[in-house]
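Asker: So that we are looking at the same thing, I have put the structure below in structure tokens.
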Amino acid sequence: MGVSGKSSSTSVPAGSSRSGSLSGGTDQRPLGDSGSVPEDSIASRRLAHGLSPEATAKADAAELRRKEKEASAEDRKRKFQRQHKAKMVRRALIAVAVVLVAGVVFGFWLLRWGLYDDASSIQGQWRVKGTDTVINITDEDIVLTDEVAYDYVIDPDAKTLAFTFGGLTGNGRYRFSLDHSQLAIDDGEFDWGSTLVADIPWTFDAVAQKLVGHPEKSPSLGEGDMVLERM
């Protein structure tokens, strides 16, 4: 028999696909919205690697808690550092204030009691300010004239004087200028506290005037006192 020149062809039914027979079948899984892989697919992958979806969720939650703890610890650390700095600043300010107060107190003590010996400073020749009258003060007497002299006892702590003239007695107080070149004496009853209270503002004012270059502040005690200038 003769062989026909036409090759036999196998018809393929419409709608069928060869890809299935060539590739051995493709796993075509539906995609979720916007092309994302559905949750059941993620879960199946976790299962394929031997992980359960619940274990992974717990691990994620644990990681989140760890990060939150780290952030909280960092916040506490920063807060502690701020509090520590503020505490150090407060301590420094308190230390400066204490040093300043101690310096002021020590300076006042020096001017009032420490630098001079009042019992020695009061002795010598003095001229009544604004007059030509000269008064001589010894270690025991205040000599006004050749006929008139007062015995006195000085209390350098209280800045007071006790006078005796014949059978008469009296009391008073005194104040030196800062450089002890002037002396004021006033009659009356005074004690340690009253002279201190009166001398504190006077001393600060005298120091302030000296610092700005003003003349030495007068030690005047007020109306009726006697101000003397050292000769």
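The values are calculated or read from the model by the stated rules, or taken from the named source; none is laboratory data. Given the structure is predicted, the values throughout are model-derived calculations rather than measurements. Note: ideal-geometry Cβ built from the backbone for every residue, glycine included; neighbour counts use all protein chains shown. When the accessible area is computed, the model is the full protein with side chains, heavy atoms only, and any ligands, DNA or RNA have been set aside. Shrake-Rupley method; radii C 1.70, N 1.55, O 1.52, S 1.80 Å.
Asker: What FRET efficiency do you get for Val134 and Arg82 if R0 is 41 Å and r is their Cβ-Cβ distance, rounded to the nearest 0.05?
Answerer: 0.05
Asker: Taking the Cβ of Ala71 as the center, what net charge do the other residues with Cβ under 12 Å away carry, scoring Lys and Arg +1 and Asp and Glu -1?
Answerer: For residues surrounding Ala71, the net value is +3.
Asker: Moving to a separate point now. So which of Lys67/Lys87; Lys129/Lys210; Lys129/Lys159 end up more than 28 Å apart by C-alpha?
Answerer: Lys67/Lys87
Asker: Order the peptides 92-100, 127-135 from the highest to the lowest mean number of other Cβ atoms within 10 Å of their residues.
Answerer: 127-135, 92-100
Asker: Quick check: from the Cα gyration tensor, does the stretch 80-206 come out rounded (a/c under 1.5), prolate or oblate?
Answerer: Prolate, since a/c reaches 1.5 and a/b exceeds b/c.
Asker: I need the peptides 176-183, 101-108 ranked by packing, meaning the mean over residues of other C-beta atoms within 10 angstrom, with the highest value on top.
Answerer: In decreasing order of mean packing, 176-183, 101-108 become 176-183, 101-108.
Asker: According to the square roots a ≥ b ≥ c of the eigenvalues of the Cα gyration tensor, what is the shape class of the stretch 129-191, taking rounded for a/c under 1.5, prolate for a/b larger than b/c otherwise, and oblate for the remainder?
Answerer: oblate
Asker: Right, something else. Using alpha carbon centroids, what distance separates the stretch 152-167 and the stretch 176-231, in Å?
Answerer: Using only Cα atoms to place each centre, the spacing works out to 18 Å.
Asker: Whenever you get a sec, line up Met231, Met226 from highest to lowest accessible area (probe 1.4 Å, protein heavy atoms).
Answerer: Met231, Met226
Asker: If the chain between Glu216 and Phe106 were fully stretched, how many nm would it gain, using 0.36 nm times the residue separation less the Cα-Cα distance?
Answerer: Using 0.36 nm per residue and subtracting the Cα-Cα distance, I get 37.5 nm.
Asker: How would Leu168, Leu111 line up by accessible area, probe 1.4 Å, largest first?
Answerer: The residues order as Leu168, Leu111, largest area first.
Asker: Under the classification rounded if a/c is under 1.5, otherwise prolate if a/b is larger than b/c and oblate if not, where does the stretch 192-231 fall, given a ≥ b ≥ c as square roots of the Cα gyration tensor eigenvalues?
Answerer: The shape class here is oblate.
Asker: By how many nm would the segment from Arg230 to Glu147 grow when fully extended, if each residue of separation counts as 0.36 nm and the alpha-carbon distance is taken off?
Answerer: Here the answer is 27.7 nm.
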